[in-house]
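The structure appears below as structure tokens.
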Amino acid sequence: WLKSARLQSCLFSGAATYGTPDELVDWATTMPPKFGMSIPAMFIGLPLLASGHEEYLDRIPNGHSVVRNGLVVLQGLGHQGISDNRNDFGASFQSHMYEWTVDFCNEDTDGDGQTNGMELGDPECVWKIGDSPSRVTDISHPAFADSMTVMGLTETSATVSTTTSETTTQQTQECKASALDYDGVAYTCTETFDKLDGAALHWRITDEAAGLVDIALTKTGVNGWLSLGFPKSPGRMVGGHAIVAAGSQTAFWDMNQYDPPFAPLTVSTTRVSIAGATSGTQDGQLVLAVSGAKVEDLTKVDLIFGLVNDCAWPCEHEEDFGITMNLVSGAAVTEPILPQVIFIVAFLLLCSLLLLGPVVVNARRRSRPPAFLMKPIVGRMTPVAILLFALVILLLGLVAISQLTVESTLHDAMLGLGLSAGVAGLLPMLMVMKVGVHTVFGLSRELAYHVHIFFGALFILLGLAHGIAAVSDMGFDWILEEGHVILGLVAVPTMMISVPPGLALIRYDWFKIIHSAAGLGYFFSLLHMMGVAKEHVTLPRAIVAAANAVALISFVWQRARMVLTTTPAKVLGMEVVKDEDGTQHTVLTLQADGFTYTPGQWARLHVRSAGLVGHPFTIVPGDSAGTIRFIIKASGSYTRRLAKADLTGTVVRVEGPYGAPGAMNALHWASAVAFVVGGVGITPAIALAPKVKAHGEAPLLYWAMRSERLFRVCAPMLAPQVDQALSHCQITKAKERGSGASSPGNWVAPEGLGPAPAKKELVDWLRAAGGEALRRANAKGDKPSMYVFVCGP
């Protein structure tokens, strides 16, 4: 491209001869690349070709009409010569990425008292590419003080005078006075910091309207080094630019990684535009002075400091200290209060929903719940469940956006997602505790697991989004240098491993072992939360870290207590009943002295010879004090091994009890209770029926099963406790299983619980038997209402 082009000097190049095209290409290709930009685009000292860079003139108002000494300037507008000798206007234009910005327009690059906009016909700084400037005559050169526009002389002088007066007044009135006079600059303001012992920040505002300030950082002692950084994101150095002083040496570095080597910068390429920087010693202290720093807002300047007293740069140092300063008032800018208020309100509402909500629900259970609230409308979810889930998601979203403002960046979004993920981490933990939210709500074990899975998935998704935002914002280099950040990065995949696709298809023992990785991942995430809260202390971060710490400690304490205090139980009897089709059920009778439970609860049975972990089964009352039963269908590897073992006389361990059966609450309002169960799902009915009968009327029973032997074991326990006249039990013959036949000949009438000559559809039974129970209640003067307990396939 260079060889075929016609070489001529253009914008930002002097009139000079560069030799042949081949020589120019050889010279250009030997220069080191920076920032991934092309050689012609980056080395402004290179002659820019008229055909390729004439658009720069179009990016400046009246770029083709600049006059100096009575002549129109056709070339070299931003340059004083060849190579790297740009004039101040050209250097500033480059620092603004070759855009006519308001800041660039308001600069006075030649120091003649007139802004660039005034000299180029755009005094209001409103011109855009393609527009006509507000003035097209009397255009002066913005790079030379001997070229000025006549129309703006009076107005510019008044502006400078006013600005200088305001700046001096504000500085004198509000900030702490500085005594530092270094390199001919008398600084007006100073501030010291507890975290930087022996160090002080000094500054003077030279042009408040333009955001220009001179800044100096000092430390006691001339050994070691100190640095002043302009971070990309508040509070962290990585991603920003730093100026380092080591004795009389000053260096500029791009801190895109945490440890050296750093990428070198020049004065003209620092993220915050500066005129220059020097360092040296004075009065026994090391001084780093930065002149002409141009900031967007003097009332909100992000700075970060580092210093070391006893080693040479770039030796290890303590953590960087970041602060946001109001250089007009001299005060540190504190965290905005509104995001913290939004977070606290959302967090308290979520806590109220999870802690006070169950109290209201339980109070409602003492009277009949409105039917429309209990009827599933989406899958198995009722309006109440949908409303609760929606409120949880809404509040988590409110936590996420609590950190956002009108000028939010990716960093702010990352912080908000982190807080939201931290709050979401509490929810699955509260669902798996022995005394958790599900206990107060009276949720069944299966429903509690579904809610736990939903909240766990929400936690993982928010954590994943937070991690992606963190990597995008900070980069891997910084993340790999921060221990607590690495733990946060590891936590998400660790929890994802605990719930891989198809996990439900593997053995329960291996499921429990693999799923324990979720606890490890949660522990890693907690360490991450605590590290972030310690390093960047804010009230929301402290609350999230503390709440998750309490949740994890409570969960571990409960689990450890339950495991360590499992009840040893002697197996008094073991019976394995088997049907013709091979279906087996194991009946264990245990002597478990000291083990207490509420009817309808379940426990984990630990049998070493059968499996690695305990398995959950409903507790069935025994015939005498201190005895309990487990009636178990042999349907998996654990239960099949259990059926084959000879456990009579051995000692097993019982962990629990767990669960809060809703039927006990229903006794406060229901005039009748019906158990609708299938197969081995009869076990909670065996436990609950005596309590229901003792409270008032005997419960109704609808029991459909395929195992005649199971019926013969359980019928004697149920017959005295249920209303036999209104109950119905039906058994399908094993040979008819799956045939789809429904004729009376396929059904066998069990004894004792009422005749069942034919299959009876559940809905028909509910209308007949349930209707009769309600009529009886009405006749007695009770409010007719029924609670239906369903369990089993």
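The values are calculated or read from the model by the stated rules, or taken from the named source; none is laboratory data. What you see is a predicted model, and the numbers here were worked out from it, not measured in a lab. Here the Cβ is made from the backbone with ideal geometry for all residues, glycine too, and neighbour counts use every protein chain on show. Remember, those area values only see protein heavy atoms, side chains included, never the ligands or the DNA or RNA. Shrake-Rupley method; radii C 1.70, N 1.55, O 1.52, S 1.80 Å.
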Under 15 Å from the Thr101 label point (7 Å along Cα→beta-carbon), backbone N, the range 290-306
293-298, 302
For the range 623-695, the dipole about the Cα centre with charges only on Cβ (Lys and Arg +1, Asp and Glu -1), to the nearest 20 debye, works out at 180 debye
J(HN,Hα) series, the range 556-571, from Karplus relation 6.51 cos²θ - 1.76 cosθ + 1.60, nearest Hz, glycine and proline x:
5, 5, 4, 5, 5, 5, 5, 5, 6, 10, 4, 8, x, 9, 8, 6
A correct Karplus calculation of ³J(HN,Hα) over the range 268-278, with 6.51 cos²θ - 1.76 cosθ + 1.60, θ = phi - 60°, whole Hz and x for Gly and Pro, returns 7, 10, 5, 4, 9, 4, 10, 7, x, 8, 9
If the limit is 21 Å between Cα atoms, which of Lys578/Lys644; Lys578/Lys633; Lys195/Lys294; Lys176/Lys300; Lys759/Lys780 go over it?
Lys195/Lys294; Lys759/Lys780
Show me the ranking of peptides 110-122, 572-584, 540-552 by mean Cβ neighbours inside 10 Å, starting with the highest.
110-122, 540-552, 572-584
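Quick check: from the Cα gyration tensor, does the range 520-600 come out rounded (a/c under 1.5), prolate or oblate? Kindly include the intermediate steps, with their values, before the conclusion.
Values: a/c = 4.65, a/b = 2.80, b/c = 1.66.
Prolate shape, in that a/c is at least 1.5 and a/b is the bigger ratio.
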Sorting Phe555, Phe711 on solvent-accessible surface, 1.4 Å probe, most exposed first, gives Phe555, Phe711
By the C-alpha gyration tensor axes a ≥ b ≥ c (rounded if a/c is under 1.5, else prolate when a/b exceeds b/c, else oblate), the shape of the range 623-684 is prolate
